[in-house]
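All of the numbers you see were taken from the coordinates with simple rules; none came from a lab. Treat the numbers as computed from the prediction; the structure is a model and nothing was measured. Cβ atoms come from the backbone with ideal geometry, glycine included; neighbour counts cover every protein chain shown.
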Amino acid sequence: MINTEFMQDDTIKLDQFLKFQGLAQTGGQAKLLIQSGEVRVNGAIETRRGRKLVKGDRVTTLGETIEV
């Protein structure tokens, strides 16, 4: 689970989530992961780094799945 103080309106952008969870060290790394099709949200490939995640969404990348 992430620290909810980073979430605005109960959402967080996908690229921010990847950084906060340590799955990407930088925003640039997060962008590349997302644009290369290496990130799935709720089982579907997601290529929009600005995709807003809500509580309960499941993000999978680099062999890890993390629930928002």
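Observations on the structure shown:
- Hits in segment 14-35 (condition: more than 22 Å from K55 (Cβ to Cβ) and either in contact with a Pro (Cβ under 9 Å, 6 or more places away or on another chain) or in a loop (DSSP other than H, G, I, E, B) (or both)): Q25, T26
- Residues (without any contact (Cβ under 8 Å) to a residue 24 or more places away in the chain, under 20 Å from T11 (Cβ atoms) and either assigned to a loop (DSSP other than H, G, I, E, B) or aliphatic (A, V, I, L, M) (or both)) located in segment 46-68: T47, G56, D57
- Answer residue from segment 33-56, given it is of a type outside the set (G, A, S) and under 11 Å from F17 (Cα atoms) and is surrounded by the fewest Cβ atoms within 10 Å (Cβ to Cβ) among those: V54
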